[in-house]
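Worksheet: the structure to be examined is printed underneath.
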Amino acid sequence: MKIYLVGGYVRDQLLGLKTKDRDWLVVGATADELLKQGYRQVGKDFPVFLHPETNEEYALARTERKTSAGYSGFSFHAEPNVTLEEDLARRDLTINAIAQADNGDLIDPYNGQADIKAKILRHVSSAFIEDPVRILRIARFAARFADLGFVIADETLQLMQKMVSSGEVNALVPERVWQETVRALSEKTPARYFEVLRECGALEKLFPEIDRLWGVPQPEKHHPEIDTGIHTMMVLTQAAKLSNDTKVRFAALVHDLGKGTTPKEQWPKHIEHESRGVPLVEALCDRYRIPNDYRELGVIVAKYHLHYHRAAELRADTFLKTLESLDAFRRPERFELFLLACEADSRGRTGYEKAHFEQPDIFRDMFSAASEVNAKELVTQGLKGRAIKEEITKRRIQKIKTRQNS
C-alpha cells in the first residue's frame, strides 16, 4: 500500500498559495484493509475514508467508465491493481493531476507542472467530455486563477463547446449547478466564471436571463460601456472588491436582468426594468433551488436599485417607503448588503470604478434619522394599534425631512 498527496494541495503548493485541505490517494489497498486500520468509510459512489486521527480524506485509487448521460452516469473500479497514473488520468486538469510521494517526490505523468509554469488550464484526456460538471469546474478555476494570468487551452475550450452542442450540459442537476456557481462567486474574479460559460455556449443553456444581456445597449451618458452584459460583469467585479459576501455578489449579478426583456424599440432606455427583473430573479432562484437569503437580497436589489441611485432626489415619504420595503428597520444587516450591491452597480461602469458616491451616506443618514422614532414612547402616551403605526410613519417622515434640510 502506498499513499500520495494529490490534487489541489499539491497544485497550490507549486503555485505558492496557502491551502488547508489535503487529499490523499491510496494505491494498492482494499477497503477492508483500511477499515481494519480504523479508517471510517464515507463515500457511497466510490470508496472514500476518513483517517482515524486526522479525519482527512483518503480515497482508493480508481478508474471510471462512462455508462450513461450526465455527471452521475459512471461506473467505478477501485481495486489494488489500479495504478497511480490510471487514477490521475481520470482527473479534469493537468494541474490537478500531480501527486506527491511521502519523500516529497512529484509524480506528474501529464505535465501539470509545465502547465502551471505556462499558466494554462488544460484537460488531461479526451475523457474530459464525459462529465458535464467539468464545464462548471473549469470556469470556476478560471475565476480562481484569472488574477495569476491563467487561461484555458484552446483545445480544452473546444471540448467544452462540443459538450454544450452535444447536449451533455443539459444533464446537469440544479443542485450541482448552484454548488459550483456559489463557489465561483466566492473566487477572486467571479465574473470570469460567467464569461467562460458564455465563451463555450453554456451560459445560454444554464443562465439564459444573464446571457441575453449581452448586446443590449444602455444610454451612453450613464453607461459609457454601453453593453448591459459588459456592465453586469463590471458590477460583479466591483462587488467582489467591496465584499466577500457571496449574497452581495449574487445580487450584483442579477440586478439588471429586466433589461434583457426590454423591447428593442425602446432601446437604449429601459423603462420599469426594475419590476420586470423581479420575476426573472425569482425564476432563476426557483430553477436552481437557491437559498432564500440570496433570493431576498437579489429581489430587493433588482427592484430598488434605482431608488438607491436617486437617493438625493427622493421625497421624505418615498424614502421611508423604500426603507420599509427593504425591511431595513427589522433587518439592518441585510440593508447594509443592499447598499454594497447598489454601490457595486454605481462603480461597475467605465470611468466610475474609483469614484466617490454620496448615496450610501444619504441612505444611512436617512435610516439613522428615521430610527430615532421610539415606539415605546408612543405606547406610554396611550396610543394603540393602528394609531401607533400612523404616528410612527408621521414622525419618521418628519425626521427624514428635517435631516434632508439640515
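The values are calculated or read from the model by the stated rules, or taken from the named source; none is laboratory data. Here the structure is a predicted model, which means the values were calculated and not measured. So basically every Cβ, Gly included, is an ideal-geometry build from the backbone, and we count neighbours across all protein chains shown.
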- Residues (within 14 Å of V301 (Cα to Cα) and hydrophobic (A, V, I, L, M, F, W, C)) located in the range 235-264: V235, L236, A239, V248, F250, A251, A252, L253, V254, L257
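Can you tell me which of T189, T232 is in contact (Cβ under 8 Å) with a residue 60 or more places away in the chain and either surrounded by fewer than 16 Cβ atoms within 10 Å (Cβ to Cβ) or under 29 Å from G167 (Cα atoms) (or both)?
Values: T189 fails: in contact (Cβ under 8 Å) with a residue 60 or more places away in the chain.
Result of the check over T189, T232: T232.
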- Query: Just for the range 104-124: of the residues that are crowded, with 16+ Cβ neighbours inside 10 Å and charged (D, E, K, R), which one is farthest from A89 (Cα to Cα)?
  - Reply: D115
- Query: So F194 clears everything in (1) over 18 Å from the mean Cα position of the chain (by Cα); (2) closer than 21 Å to G298 by Cβ; (3) buried (at least 21 other Cβ atoms within 10 Å of the Cβ) except one condition, right? Which one?
  - Reply: (1)
- Over the range 357-393, the set of residues at pLDDT 95 or above and of a type in the set (K, R) is R364
- For L320, indicate whether it is more than 21 Å from G258 (Cα to Cα), of a type outside the set (S, T, N, Q), at pLDDT 95 or above and buried (at least 20 other Cβ atoms within 10 Å of the Cβ). yes
- Within the range 128-139, restricting to residues that are more than 19 Å from D154 (Cβ to Cβ) and out of contact with any Phe, Trp or Tyr (no Cβ under 6 Å at 6 or more places or on another chain), the one that is surrounded by the most Cβ atoms within 10 Å (Cβ to Cβ) is L136
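One line per residue, one yes/no per condition, for (1) surrounded by 15 or more Cβ atoms within 10 Å (Cβ to Cβ); (2) among the hydrophobic types (A, V, I, L, M, F, W, C); (3) under 21 Å from P109 (Cβ atoms):
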{"position": "V10", "(1), (2), (3)": "yes, yes, yes"}
{"position": "D23", "(1), (2), (3)": "yes, no, yes"}
{"position": "A29", "(1), (2), (3)": "yes, yes, yes"}
{"position": "L35", "(1), (2), (3)": "no, yes, no"}
{"position": "V42", "(1), (2), (3)": "no, yes, no"}
- Which condition number does E336 fail, the rest of (1) under 20 Å from S275 (Cβ atoms); (2) in a helix (DSSP H, G or I) being met? (1)
- For the range 266-290, enumerate the residues that are more than 19 Å from Y304 (Cβ to Cβ) and polar (S, T, N, Q). Q266
- Under the condition of being more than 16 Å from E195 (Cα to Cα) and of a type in the set (A, V, I, L, M, F, W, C), which residue from the range 240-256 is surrounded by the fewest Cβ atoms within 10 Å (Cβ to Cβ)? L242
- Task: Please state which of the following conditions G149 fails to meet, knowing it meets all the rest: (1) more than 21 Å from S186 (Cα to Cα); (2) exposed (fewer than 14 other Cβ atoms within 10 Å of the Cβ); (3) within 24 Å of the chain's Cα centre (by Cα).
- Result: (1)
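Would you check which residues across the range 344-393 are hydroxyl-bearing (S, T, Y) and surrounded by 13 or more Cβ atoms within 10 Å (Cβ to Cβ) and list them?
Within the range 344-393, S346, T350, Y352, S371, T393 qualify.
For the range 224-333, which helices (runs of 4 or more DSSP H) that fit wholly inside it have 2 or more residues that are more than 28 Å from Q404 (Cα to Cα) and among the β-branched types (V, I, T)?
Counting at least 2 such residues, we get 228-242, 246-254, 273-287.
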